[in-house]
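To start, the structure under review is shown below, and the notes come after it.
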Amino acid sequence: MNLILGFILLNYYGFGAVEIVPREKQDEVLIKGPVEKGIFGGPVIKFTELNNDFACFFGGRGAIVLNHTFAIGGGGYGLVNRVVVHTDYPLRDYYMDFGYGGLILEWIFGSRRMIHFGISSLIGGGDICYRTDYFEPWYDDAVFVFEPGAELTLNVTRCFRIDLGGSYRYIYGTDLDGISDKALSNGACHLTFKFGRF
């Protein structure tokens, strides 16, 4: 009896009361918790085929890295060797000038391992024109570029990494004599040197 009376008194004076506070609702997000940030940049060499001819591109890319898993950035590449274009125009054949670039998104798997894997895609545009031996531009044309790829990454040091990978370049919108979307769309292999904080 005394135990029941004591319990009633405790609840009456508030000593046994438990206040229930509703949990604040939070937005649903893709990345939960604190976000670790890194950044990198570096040169890129690509080897591919254009118009049934060997082609070498040189350029660079950089990105911000989130939680060692996702990178968002950009890159740009330009053709550095001669690729002949056979046209119906008089006087001579021409050489191709081709450069492209855009937004690059990358998913990184196992970033802390010495050798790890990643997939990426470039979405952007490019510019193609003819030129002569005197680097005079002729008949400029803009194209759309989509280039998905994959790479293996070697962690050389904490601030230096090397990517070796492959990609496929899709080109759309070419309207030049002697050049077609199909002739510009092709596979490529690339070597990337990344410097930064990952």
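The values are calculated or read from the model by the stated rules, or taken from the named source; none is laboratory data. No experiment lies behind these values; they were computed from the predicted model shown. Neighbour counts run over all protein chains shown; Cβ positions are idealised from the backbone, glycine included. The protein model used for the area step is the full one, side chains on, heavy atoms only, and it has no ligands, DNA or RNA in it. Shrake-Rupley method; radii C 1.70, N 1.55, O 1.52, S 1.80 Å.
Could you name the lysines whose alpha carbon sits less than 27 Å from that of residue 46, not counting residues in the same chain fewer than 8 places away? Hits, sequence-local ones excluded: 182, 194. Close amide H contacts of residue 125 (hydrogens built in the peptide plane, cut-off under 5 Å, sequence separation of 5 or more or a different chain): 101, 145.
Here is the list for segment 38-100: trypsin sites (Lys or Arg not before Pro) lying in DSSP coil, each with at most 10 other C-beta atoms within 10 angstrom of its C-beta, are 92.
Shown in residue order for segment 96-101 are the 3J(HN,Hα) couplings computed by the Karplus curve 6.51 cos²θ - 1.76 cosθ + 1.60 at θ = phi - 60°: 8, 10, 9, x, 8, x Hz (x for Gly and Pro).
Taking Cα centroids, how far is segment 37-114 from segment 152-185 in Å? So the two Cα centres are separated by 5 Å. The alpha carbons of segment 62-198 stretch over 58, 25, 20 Å along the principal axes, in descending order. Rolling a 1.4 Å probe over the protein heavy atoms gives segment 146-198 an accessible area of 52 Å² per residue. Against the criterion of solvent-accessible heavy-atom surface with a 1.4 angstrom probe, 131, 197 sort, most first, into 197, 131.
Using only protein heavy atoms and a 1.4 Å probe, report how much of residue 104 is accessible, in Å² to the nearest 10. About 10 Å², ignoring ligands and nucleic acids.
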